Amino acid sequence: MVAVSLTSLSKEEFTNFIDSFDTVLTDCDGVLWLGNTVILGSPNVIIQLQEMGKRVFYVTNNSSKTRDEIVSKCSRLGYPATRDNILSTAYLTACYLQDIVFKKKVYVVGSKGITQELDAAGIKHLDVGPDPMCSDVASLLRNEVQLDKDVGAVVVGFDEHFSFPKMVKAATYLKQPNCIFIGTNTDEILPTEFPLTVPARCRECRMDW
């Protein structure tokens with residue numbers, strides 16, 4: 001299907017287009033906002049769609065925030081939202097593990113957005129946060145890597161504390177034949193309002209098609 005600018009449609013064509021759907025799925029980062037900066041006009045579009053009776057769902061693979069935190073951000077930036085119309089990969093990861101009746105622990109290379117959604121679903125996990133490289137590789141492998149035998153899944157998302165020890169632990173857990181691997185996003189770059197480039201995925205989340 002060829003993309004068409006809505007401004008090129010006649011009034012009748014525009015009305016027919018609007019009447020052809022009842023649900024809107026919208027991304028967030030880089031579509032509605034950049035960091036904490038609203039993309040011009042986007043709140044009004046969302047409000048108008050809702051006033052037309054459309055159901056709007058905010059769909060994001062940014063796993064660094066819980067649904068409640070995303071609702072708060074939407075409210076602060078002018079987008080009407082509730083927990084029920086937020087679909088985030090942190091939440092959906094917890095839903096998936098809950099659906100398969102996962103009973104072991106999760107090793108998370110990511111942010112508290114993931115672990116808080118896991119907590120809400122009653123799923124056990126190891127803590128997130130800094131796990132720095134304290135010495136050389138040989139010493140790390142001999143003495144410093146502590147593994148948890150109850151880990152049965154590795155979840156990888158955006159992690160501002162990503163480190164070599166975390167990569168070693170994740171890779172080692174994943175050598176277990178029944179260990180589940182979940183990547184919350186495959187984006188290479190996180191859209192922000194700043195001129196710097198922010199990598200958005202770990203190497204483990206690279207996908208070959």
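Rounded to whole Å, give me the distance from the Cα center of region 157-180 to that of region 32-64.
Taking the Cα centre of each part, region 157-180 and region 32-64 sit 33 Å apart.
Rank L126, L40, L174 by mean-square fluctuation in a GNM of the chain with C-alpha springs under 10 angstrom and give only the top-ranked residue.
Most flexible of the set in this elastic network: L40.
Using Cα centres only, tell me the gap between region 133-155 and region 79-131 in whole Å.
23
Under a point-charge model restricted to the Cβ atoms of Lys and Arg (+1) and Asp and Glu (-1), what is the dipole moment magnitude of the chain relative to its Cα centre, in debye to the nearest 20?
Details: 21 positive and 26 negative charges, 123 e Å.
About 600 debye.
Helix-derived [θ] at 222 nm for the chain: sum -39500 (n - 2.57) over DSSP H runs of at least 4, divide by residue count, nearest 500?
Working: 6 runs with 61 residues, N = 209.
The helix-only estimate for the chain comes to -8500 deg cm²/dmol at 222 nm.
Over the chain, what portion of Cα pair distances is larger than 30 Å, expressed as a whole percent? Please list the in-between numbers first.
Numbers: 7454 of 21736 pairs.
Beyond 30 Å sits 34 percent of the P(r) for the chain.
We did not get these values from a lab; they are worked out from the coordinates using the rules stated. Small disclaimer: the values here were computed from a predicted structure and weren't measured. Virtual Cβ from ideal backbone geometry, glycine too; neighbours counted across all protein chains shown.
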